[in-house]
Every structure is written in C-alpha cells, then in structure tokens.
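Structure, as structure tokens:
Taken together, the values in this text are just the output of simple stated rules run on the coordinates, not laboratory data. Everything numeric in this text was worked out from a predicted model, so none of it was measured. Here the Cβ positions follow ideal geometry from the backbone for every residue, glycine too, while neighbour counts run over all protein chains shown.
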Amino acid sequence: MSGEAKARVCLWYNGDAEDAANFYASVFPETTVDSLQRAPADYPDGSEGNVLVVEFTVLGIECIGLNGGDQFPQSEAFSFQIATDTQEETDRYWNAIVGNGGAESQCGWCKDKWGLNWQITPRALTDAMSGPDRAAAKRAMEAMMTMRKIDIAGIEAAVAAA
C-alpha cells in the first residue's frame, strides 16, 4: 500500500479478511494484497499473533480488512460497483463471486461469501440510463428491473425498442 491516500475503505470481517483479499486479487485486475498486520496482543475476537488487519487494493481502491468478529455483518448499505465493458467481463466477475459461495440478487447485485455486496454493472446500462433519450432510459431501467445478472443484449434491445 502506497500510504499516499488519506482515506481508505475499512471492511469488517469475521476472521477471514485475508481469504477475502486473496480471492478479490484472484478475480479483479489491479487488485493486490498489500500487507498483513498481526495482533500485538489478545483482543475480544482473537489472540495475539492472529491476522488483525489486511491491507489490500481492489481495482485501485485502497482498503483495510479488519478481522473484528461477528458483531457487524456486511450489508447492502455498502457495495463495490464494478463497471464492465462486455458481457464476457460481466459474466466472469458475476460467476466468480456467485460461484465462490456467493449469492445472486437483483439488478446486477450479488453478494460474496463474506457478505460483501457487489454491483456488476455494464457501461451499456449506465450509458442507457443516463443518456438524453429519456424514453430509452426508462425502457433500459424497466429491463434491468427484471434481471439478476445484467444482460447487455437485453438492455440494448430495450433501448432500441420503439
């Protein structure tokens, strides 16, 4: 970790921050496990010498994984939104997260096995919904609302429909 950032995202884990960081590094480009900090003393949910903090970077975003215990589970109030350019890229990220003990949700959202939420969002969707043609944006949103993993062809067909 460069130490340049004044702010980083701190994510709470139940003893498995290192596993999560290694998984993210195996799936996403520009994602690395940067350092481990071991507890210098016993703490409520662990012992001296346990991995307490994992510093990692997800697609260029500096993060801290804190092994704090089970008091604060992840929720949909925080998610990583990953912009994708192709259906293959969308499928690859979605399938990696869901296929590694995660769960599907709606509208491009999925949850990894550690409870962290991800939005796998094709640029075709965000472009359609923010474009100047408000009727096409409405059709794109209505199509998205029927999807779990976003289907770019389905979004493009909705935009093109008259």
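The relative contact order of the chain comes to 18 percent, based on Cα pairs under 8 Å that sit 6 or more residues apart. Taking other C-beta atoms within 10 Å as the exposure proxy, 92, 139, 38, 134 rank 134, 38, 92, 139 from fewest upward.
For segment 51-122, which chymotrypsin sites (Phe, Trp or Tyr not before Pro) are both in a DSSP coil and crowded by at most 15 other Cβ atoms within 10 Å?
When the chymotrypsin sites (Phe, Trp or Tyr not before Pro) of segment 51-122 are filtered for loop state and at most 15 Cβ neighbours within 10 Å, 78 remain.
Computed from label points 7 Å out along Cα-Cβ, the spacing between residue 41 and residue 138 is 6.3 nm.
The ranking of 145, 129 by Cβ neighbour count inside 10 Å, starting from the fewest, reads 145, 129. Our coupling estimate for segment 104-116, obtained by passing each phi through the Karplus curve with A = 6.51, B = -1.76, C = 1.60 and θ = phi - 60°, is 6, 10, 10, 6, x, 8, 8, 10, 7, 5, 8, x, 6 Hz, Gly and Pro reported as x.
Tell me, Kirkwood radius of segment 7-70 from alpha-carbon pair distances, in Å? Could the numbers behind the result be given before it?
Working: mean 1/r = 0.0858 Å⁻¹.
With all distinct Cα pairs of segment 7-70 included, I get 11.7 Å.
Considering helices alone, the calculated mean residue ellipticity of the chain at 222 nm is -9500 deg cm²/dmol, with DSSP H runs of length four and up weighted by -39500 (n - 2.57) and normalised per residue. Distance from the alpha carbon centroid of segment 1-52 to that of segment 101-116 works out to 20 angstrom.
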